[in-house]
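Some notes on the structure that comes next.
Here, each number is a calculation from the coordinates, and none is a lab measurement. If you're wondering where the values come from, they're calculated on a predicted model, not measured in any experiment. Ideal geometry is used to build each Cβ from the backbone, glycine not excepted, and the neighbour counts take in all protein chains shown.
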Amino acid sequence: MKRIALLGMPNTGKSTLFNRISGASARVGNWPGITVDLMSAKILMGGHIAELIDLPGIYDLHGFSDDEQVVRHFLANNALDLVIILLNSAQIDRQLSLVLQIKKLNLPCVLALNMSDEAKRAGITIDAHSLEQALQMPVIEISAKYGDGLPKALQAASNILNQVQQKPSPNTIRQLLEEDNQIEHEMERLIQQHVQIPTSLSNNATDTLDKILLHKWLGLPLFFLAMFLLFQFIFTAGKPLQDGLAWALDWLRTDVLEIAFASTPAWFHGLMLDGIYNGIATVAAFVPIIVLFFLVMAIVEDSGYLSRAAFLMDALMAKMGLDGRGFVMMLMGFGCNVPALMGTRVMRSRAMRLLTMLVIPFSLCSARLQVFIFMIAALFTAQQAPLILFGLYLISFITMFMTALLFQRQYKSVEPFILELPPYRLPTAKQILLRGWLEVKHFLNRATKFIVIGVVLVWLMTNFPSNVAPASAGTYAGQVGLLFAPILDPIGINQELAIALIFGFVAKEIVVGALAVIYGMQGDALMAQMATQIDWVQAISFMLFTLIYTPCLSTIATLNSESKSSAFMWLSIAWSLGLAWLVSFVFYQSARMLGF
Amino acid sequence: MQLLSQLESGQSGIILAIEAEESLFHRLSALGFRVGKPLSLIRRANFNGPLHVRLGSTDIVLRIADAMRIQVNTR
């Protein structure tokens, strides 16, 4: 009895073909060398009774899946007279490898090209005749579903069975498979140890995903939803990390450093703890958020979605001289400006990158939000609060767009906006973690010195001369506040608020704490005190100024290190201070003119 | 003859000519835009946004202004 195996990749219609040829005679049987059951059927072919075996669908004869081992063991233990290989014509470019692997074993083969109708619809034309000569085996186009071409294929199979020919014994096949296997094993080992390959989705999956994610009307809402979820993730996961870090830094200060420096002179104690240690703590506070931000960025970027976001947002952004990727960074800036600035590195054009970096510091980051929530709680009712907060977010967006529009001529990008849309890929964990770590290292290297010096300077200004109370009007900071009174009075900012703004230069997180020191009280008492000291017009003017002027020392340090230009850093500082003053001035003076 | 920027979604054609200054020309050819190559327009972004073009197995996004430099012969 002749033995014929049916072999092909999964989902090529192999079972359909098997059922069509075998009719109702199929049975489940055991085979030497393998542990799973295979379907087989006795059929009449070319005057012989032949047994047709349906082998499991495999991608690769040398693969490591269970099914691939089953096929190998079957071939190495059972003599075959013929192999019918079934391919999906629409994917012939990919599937032909399996044919060549079988051909290498010198087994007599017939190649059946299934789904030729689908291939034709996809515009794929296969010259079966010339392919037949190149492969030296019959090549027949069939439709397993409808039976087209099947008689021709069976005829070709019968012809082969009727030829008296040399066929390899299972032992020879076993040797061939083993030799090839060693190469495959060697290759697998090398790849696993030395190469990282992200899992890439097939083009079909990419096309389907694109149909949804780049949809004319769904694309943008989905983009905003994705951004919102990522944002939520960064800050939900970041909060406990930041709290934990803050707790650890606090513990180190009170339980270790305070004791260690207890006997040192007051100025030295202050310099070490309030100056240098606070500076280091400020730097450290950014670490969790930078790691998380870049974990998410690595996913967005390596998955191929960043280029898609650029496609969706480009129409709007192009009008401001920016591109779609810049918008993703602008949105990220609403969490924290520092990693958003670092993220602009994906832009290849320096001009566009600088313009984006000039815009990002105006996004209302989570640290500024803390200040606003405190001020709003102190001076406004619960009904007014959401409106005021919404207004601040709106102004944040307006200042960003305005800045881009004003400066787009100075930072005109000459590079064309042409991006490749890669297929969607799942980034590997190692890739993501490595990215987060590298970015943190980069930030620490570049920004630590700058931030520590800045914090020490502010400490000096708010604690000296030493004969006055810290952060009071008598300190250097108070004197600077007084010096700037002619500028700050027209925007309703008094000397106390001016000192708070000087603190805010370091980080917005410490503004509320600074107000507590300045007024010498905390919590509700501080809120009540502030409500008697300033009115709502002053409060809004203060918030506008806080929103628009330089976000923090870390942002400045990052601007400096990322642009590698101190001139650019100074431009950013000057522009944001100037704009902050102008906006506050216009608001404060018009409100006063209207009689508020 | 049509400009790439004038194609409808789903339409395909063959590149006839690329008339661009050197930097754009180089960038385009690096991404596979060469005379004689077939391409198809997959989709257009809303509000006159960029085009999503497929060249062989590569998908590319480019702006209308740049697509206007590419002449295609539609089939």
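Quick notes on this structure:
- Normalised alpha carbon radius of gyration of the stretch A:448-593 [divisor 2.2 N^0.38 Å]: 1.06
- Computed over the stretch A:480-596, relative contact order equals 31 percent, with contacts defined as Cα pairs under 8 Å that lie 6+ residues apart.
- Mean separation of Cα pairs under 8 Å and 6 or more residues apart, divided by the residue count, gives the stretch A:421-566 a relative contact order of 24 percent.
- In terms of its Cα atoms, the stretch A:2-193 spans 46, 39, 29 Å along the principal axes, sorted from long to short.
- With the charge dipole of the protein assembly as shown set up from +1 on Lys and Arg Cβ and -1 on Asp and Glu Cβ about the Cα centre, the Cα lying farthest toward the positive end among the listed residues A:LEU44, A:HIS73, B:HIS26 is that of B:HIS26.
- With eigenvalues of the C-alpha gyration tensor scaled by 5 and rooted, the stretch A:230-336, Å: 42, 15, 8
- Binned Cα-Cα distances of the stretch A:287-401, short to long, each 10 Å bin given as a whole percent: 14, 41, 30, 14, 2
- Ordering A:ASP255, A:ASP81, A:ASP180 from the fewest to the most neighbouring beta carbons within 10 Å gives A:ASP255, A:ASP180, A:ASP81.
- In a reduced charge model with +1 at each Lys and Arg Cβ and -1 at each Asp and Glu Cβ, chain A shows a dipole moment near 880 debye about its Cα centre.
- With a threshold of 24 Å on the Cα-Cα distance, the over-threshold entries among A:LYS104/A:LYS167; A:LYS239/A:LYS449; A:LYS120/A:LYS152; A:LYS2/A:LYS152 are A:LYS239/A:LYS449.
- Longest to shortest principal axis, alpha-carbon extents of the stretch A:301-346, angstrom: 26, 26, 16
- Take each residue in B:59-67, count the other chain C-beta atoms within 10 Å of its C-beta, and the mean is 6.
- Each eigenvalue of the Cα gyration tensor of chain B, multiplied by 5 and square-rooted, gives one semi-axis; in descending order these are 16, 14, 12 Å.
- Percentage relative contact order, the stretch A:2-193, counting C-alpha pairs under 8 Å, at least six apart: 23
- Computed from the alpha carbon atoms alone, the convex hull of the stretch A:110-244 holds 238 Å³ per residue.
- Hz values of 3J(HN,Hα) by residue in the stretch A:141-146 - Karplus curve (6.51, -1.76, 1.60), Gly and Pro given as x: 7, 9, 10, 4, 5, 9
- Descending semi-axes in whole angstrom, ellipsoid equivalent of the stretch A:431-487, from the Cα gyration tensor: 38, 13, 8
- Using θ = phi - 60° in the Karplus curve 6.51 cos²θ - 1.76 cosθ + 1.60, the 3J(HN,Hα) couplings for the stretch A:271-288 round to 4, 5, 8, 6, x, 5, 5, 4, x, 5, 4, 4, 4, 4, 4, 7, 4, x Hz; x is entered for Gly and Pro.
- Nonlocal amide H pairs with A:ASP535, under 5 Å, H built at 1.01 Å: none
- Residue among A:ILE502, A:GLN95, A:PRO386 farthest towards the positive dipole end of chain A, charges placed on Cβ: A:GLN95
- For the stretch B:2-74, a crude dipole built from +1 on the beta carbon of Lys and Arg and -1 on the beta carbon of Asp and Glu, taken about the Cα centre, is about 180 debye to the nearest 20.
- Net dipole in debye of the stretch A:270-346 [+1 Lys, Arg Cβ; -1 Asp, Glu Cβ; about Cα centre; nearest 20]: 140
- When every Cα-Cα distance of the protein assembly as shown is counted in 20 angstrom steps from zero, the calculated P(r) takes the values 15, 34, 26, 17, 8, 0 percent.
- Partners of A:LYS319 within straight-line reach, counting lysines whose Cα lies under 22 Å from its Cα and excluding those fewer than 8 residues away in the same chain: A:LYS216, A:LYS412.
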